[in-house]
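Contents: one structure, followed by commentary.
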Amino acid sequence: TMTSVRSAAGVALPPIRLAVERARQEALRRELDGCQLLAGIWCHGFTVAQLRSIRASLPSTARLLVAKNSDLAAAVEGTRWESLRPCARGMNAWLFVRSDEIPPALRPYRDFQKEWRLQLNDFTGAVYEGRLYGPDDFAQLEAMPTRVQSYQYLLGCLQMPAVSVLAALRARQEAMAQAEQPPAEEAAPAPAPEQ
(Lines give C-alpha, C1' and ligand atoms only; values in the text may rest on other atoms or scores of the structure.)
Protein backbone atom coordinates (compact mmCIF):
# COMPACT_ATOMS: atom_id res chain seq x y z
CA THR A 1 0.00 0.00 0.00
CA MET A 2 0.99 3.52 -0.64
CA THR A 3 1.70 5.74 2.37
CA SER A 4 1.46 9.48 2.10
CA VAL A 5 4.41 11.69 2.96
CA ARG A 6 2.31 13.44 5.59
CA SER A 7 1.53 10.24 7.48
CA ALA A 8 5.16 9.09 7.25
CA ALA A 9 6.34 12.43 8.65
CA GLY A 10 3.76 12.24 11.44
CA VAL A 11 5.17 8.91 12.57
CA ALA A 12 8.77 10.19 12.47
CA LEU A 13 8.14 13.47 14.30
CA PRO A 14 7.42 12.22 17.83
CA PRO A 15 10.76 10.41 18.15
CA ILE A 16 12.57 13.43 16.71
CA ARG A 17 10.68 15.76 19.03
CA LEU A 18 11.45 13.48 21.97
CA ALA A 19 15.14 13.36 21.02
CA VAL A 20 15.31 17.16 20.84
CA GLU A 21 13.56 17.46 24.20
CA ARG A 22 15.99 15.01 25.80
CA ALA A 23 18.94 16.87 24.29
CA ARG A 24 17.68 20.15 25.81
CA GLN A 25 17.22 18.47 29.20
CA GLU A 26 20.70 16.97 29.03
CA ALA A 27 22.16 20.40 28.22
CA LEU A 28 20.43 21.77 31.33
CA ARG A 29 21.80 18.89 33.43
CA ARG A 30 25.30 19.76 32.22
CA GLU A 31 24.71 23.36 33.31
CA LEU A 32 23.79 22.09 36.78
CA ASP A 33 27.14 20.30 37.17
CA GLY A 34 29.27 22.42 39.48
CA CYS A 35 26.44 24.90 39.95
CA GLN A 36 26.19 26.53 43.39
CA LEU A 37 22.96 28.47 42.85
CA LEU A 38 20.09 28.12 40.41
CA ALA A 39 17.66 31.04 40.24
CA GLY A 40 14.59 31.70 38.16
CA ILE A 41 13.88 35.17 36.76
CA TRP A 42 10.46 36.08 35.45
CA CYS A 43 11.33 37.38 31.99
CA HIS A 44 7.90 38.14 30.50
CA GLY A 45 8.25 40.83 27.86
CA PHE A 46 12.05 40.87 27.71
CA THR A 47 13.55 41.63 24.34
CA VAL A 48 16.51 39.77 22.92
CA ALA A 49 18.59 42.93 23.38
CA GLN A 50 17.67 43.07 27.07
CA LEU A 51 18.62 39.42 27.58
CA ARG A 52 21.94 40.06 25.84
CA SER A 53 22.51 43.07 28.08
CA ILE A 54 21.95 40.98 31.21
CA ARG A 55 24.21 38.20 29.93
CA ALA A 56 26.98 40.66 29.10
CA SER A 57 26.92 42.11 32.62
CA LEU A 58 27.10 38.78 34.46
CA PRO A 59 30.40 37.56 35.92
CA SER A 60 32.13 34.71 34.10
CA THR A 61 30.91 32.26 36.75
CA ALA A 62 27.23 32.93 35.98
CA ARG A 63 25.17 32.02 32.94
CA LEU A 64 21.63 33.04 32.00
CA LEU A 65 19.56 30.65 29.89
CA VAL A 66 16.01 30.79 28.64
CA ALA A 67 14.62 27.27 28.76
CA LYS A 68 11.25 25.61 28.72
CA ASN A 69 9.95 25.07 32.23
CA SER A 70 9.08 21.45 31.45
CA ASP A 71 12.67 20.83 30.33
CA LEU A 72 14.06 22.41 33.49
CA ALA A 73 11.61 20.48 35.68
CA ALA A 74 12.71 17.23 34.04
CA ALA A 75 16.40 18.16 34.35
CA VAL A 76 16.20 18.89 38.09
CA GLU A 77 14.07 15.86 38.91
CA GLY A 78 15.81 13.71 41.52
CA THR A 79 18.57 16.28 42.16
CA ARG A 80 19.25 18.76 44.94
CA TRP A 81 17.62 21.38 42.71
CA GLU A 82 14.24 19.65 42.63
CA SER A 83 12.70 22.01 45.21
CA LEU A 84 12.80 24.72 42.49
CA ARG A 85 10.19 22.91 40.37
CA PRO A 86 7.23 24.95 41.72
CA CYS A 87 8.97 28.09 40.44
CA ALA A 88 9.06 26.70 36.91
CA ARG A 89 5.86 28.40 35.78
CA GLY A 90 5.37 31.29 33.44
CA MET A 91 8.14 32.82 31.35
CA ASN A 92 11.44 32.24 33.09
CA ALA A 93 15.10 32.71 32.42
CA TRP A 94 17.39 30.60 34.58
CA LEU A 95 20.53 31.91 36.24
CA PHE A 96 23.18 29.23 36.81
CA VAL A 97 25.94 30.38 39.19
CA ARG A 98 29.08 28.23 39.36
CA SER A 99 30.70 30.04 42.26
CA ASP A 100 29.94 30.69 45.89
CA GLU A 101 30.22 34.41 45.10
CA ILE A 102 26.43 34.81 45.11
CA PRO A 103 25.90 38.60 45.59
CA PRO A 104 28.17 39.57 42.65
CA ALA A 105 26.20 37.14 40.46
CA LEU A 106 22.80 38.57 41.48
CA ARG A 107 23.79 42.25 41.43
CA PRO A 108 23.90 42.67 37.62
CA TYR A 109 20.26 41.63 37.33
CA ARG A 110 19.23 43.99 40.15
CA ASP A 111 21.08 46.82 38.38
CA PHE A 112 19.31 45.89 35.14
CA GLN A 113 15.94 45.95 36.95
CA LYS A 114 16.59 49.45 38.26
CA GLU A 115 17.89 50.73 34.95
CA TRP A 116 14.88 49.47 32.98
CA ARG A 117 12.37 50.01 35.85
CA LEU A 118 11.25 46.38 35.72
CA GLN A 119 10.24 45.79 39.33
CA LEU A 120 7.64 43.19 38.32
CA ASN A 121 10.24 41.09 36.51
CA ASP A 122 11.75 39.74 39.70
CA PHE A 123 13.37 36.52 40.80
CA THR A 124 10.81 33.71 41.05
CA GLY A 125 12.92 31.56 43.35
CA ALA A 126 16.32 30.01 43.84
CA VAL A 127 18.00 27.01 45.37
CA TYR A 128 21.28 27.50 47.21
CA GLU A 129 22.89 24.80 49.36
CA GLY A 130 19.75 22.69 49.04
CA ARG A 131 17.44 25.38 50.42
CA LEU A 132 14.63 26.98 48.40
CA TYR A 133 14.59 30.78 48.54
CA GLY A 134 11.35 32.47 47.52
CA PRO A 135 11.14 35.92 45.91
CA ASP A 136 10.95 37.56 49.35
CA ASP A 137 14.08 35.74 50.58
CA PHE A 138 16.50 37.14 48.00
CA ALA A 139 17.65 39.88 50.37
CA GLN A 140 19.36 37.12 52.40
CA LEU A 141 21.23 35.88 49.32
CA GLU A 142 22.18 39.39 48.23
CA ALA A 143 23.49 40.27 51.71
CA MET A 144 25.72 37.20 51.99
CA PRO A 145 29.39 38.02 52.42
CA THR A 146 31.63 37.34 49.47
CA ARG A 147 34.50 34.89 49.81
CA VAL A 148 36.97 37.75 50.31
CA GLN A 149 34.81 39.24 53.08
CA SER A 150 34.54 35.83 54.74
CA TYR A 151 38.30 35.37 54.61
CA GLN A 152 38.84 38.85 56.06
CA TYR A 153 36.48 38.08 58.94
CA LEU A 154 38.12 34.70 59.55
CA LEU A 155 41.59 36.23 59.48
CA GLY A 156 40.43 38.90 61.94
CA CYS A 157 39.07 36.21 64.26
CA LEU A 158 42.37 34.35 64.10
CA GLN A 159 44.46 37.49 64.63
CA MET A 160 42.61 38.84 67.67
CA PRO A 161 43.71 36.13 70.14
CA ALA A 162 47.28 36.37 68.85
CA VAL A 163 47.29 40.15 69.25
CA SER A 164 45.91 39.80 72.78
CA VAL A 165 48.58 37.26 73.73
CA LEU A 166 51.31 39.45 72.26
CA ALA A 167 50.03 42.48 74.18
CA ALA A 168 50.00 40.49 77.44
CA LEU A 169 53.55 39.19 76.82
CA ARG A 170 54.80 42.66 75.99
CA ALA A 171 53.24 44.11 79.16
CA ARG A 172 54.82 41.35 81.26
CA GLN A 173 58.20 41.91 79.59
CA GLU A 174 58.02 45.65 80.30
CA ALA A 175 57.04 44.98 83.93
CA MET A 176 59.98 42.61 84.35
CA ALA A 177 62.36 45.11 82.75
CA GLN A 178 61.23 47.80 85.18
CA ALA A 179 61.66 45.42 88.14
CA GLU A 180 65.26 44.65 87.12
CA GLN A 181 66.26 48.32 86.88
CA PRO A 182 68.12 49.56 89.96
CA PRO A 183 66.08 52.05 91.90
CA ALA A 184 67.01 55.61 91.12
CA GLU A 185 69.04 57.30 93.83
CA GLU A 186 66.86 59.37 96.00
CA ALA A 187 67.81 63.01 96.06
CA ALA A 188 68.87 64.46 99.42
CA PRO A 189 66.06 66.30 101.16
CA ALA A 190 66.18 69.98 100.54
CA PRO A 191 67.20 72.10 103.57
CA ALA A 192 64.31 73.68 105.33
CA PRO A 193 64.05 77.39 104.72
CA GLU A 194 65.15 79.60 107.60
CA GLN A 195 62.73 81.81 109.27
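Collect residues whose amide H, placed 1.01 Å from N in the peptide plane, falls under 5 Å from the amide H of Leu132; neighbours closer than 5 in sequence don't count.
The list, which skips near neighbours in sequence, is empty: none.
So if R0 is 22 Å, what FRET efficiency would Met160 and Gln140 give, r being the distance between their Cβ atoms, rounded to the nearest 0.05?
0.20
Of the GluC sites (Glu not before Pro) in segment 126-177, which ones lie in a loop per DSSP and count no more than 16 other C-beta atoms within 10 Å?
Answer by residue number: Glu129.
Given a 1.4 Å probe, how much area per residue of segment 23-144 is accessible, in Å²?
50
Step through the residues of segment 39-53 one at a time and calculate ³J(HN,Hα) from phi using the Karplus curve (6.51 cos²θ - 1.76 cosθ + 1.60, θ = phi - 60°), rounding each to whole Hz and writing x for Gly and Pro.
Taking θ as phi minus 60°, the curve returns 10, x, 10, 6, 10, 4, x, 5, 8, 4, 4, 5, 4, 5, 4 Hz for segment 39-53.
Work out how much length Glu180 to Ala23 would gain on full extension: take 0.36 nm times their residue separation and subtract the Cα-Cα distance, in nm to one decimal.
Values: separation 157, 0.36 × 157 = 56.52 nm, distance 8.29 nm.
Length gained, Glu180 through Ala23: 48.2 nm.
Please list, ordered by chain and number, the residues whose modelled amide H lies under 5 Å from the amide H of Gly125; skip anything fewer than 5 residues away on the same chain.
Placed amide hydrogens put Gly40 under 5 Å from Gly125.
Can you compute the FRET efficiency between Thr61 and Ala168 using 1/(1 + (r/R0)^6), with r the Cβ-Cβ distance and R0 = 35 Å? Round to the nearest 0.05. Could you put the intermediate results ahead of the total?
Numbers: r = 44 Å, r/R0 = 1.25.
Efficiency computed from Cβ-Cβ geometry: 0.20.
For Val48, project a label point 7 Å along Cα to C-beta. Then give me every residue of segment 65-87 with its amide nitrogen under 18 Å of that point.
65-68
Which length gain, in nm to one decimal place, applies between Tyr153 and Asp100 when the Cα-Cα distance is subtracted from 0.36 nm times their residue separation?
Details: separation 53, 0.36 × 53 = 19.08 nm, distance 1.64 nm.
This chain segment gains 17.4 nm when fully extended.
The values are calculated or read from the model by the stated rules, or taken from the named source; none is laboratory data. Please read all numbers here as calculations on a predicted model, not as lab measurements. Note: ideal-geometry Cβ built from the backbone for every residue, glycine included; neighbour counts use all protein chains shown. For accessibility, only protein heavy atoms count, side chains too; no ligands or nucleic acids. Shrake-Rupley method; radii C 1.70, N 1.55, O 1.52, S 1.80 Å.
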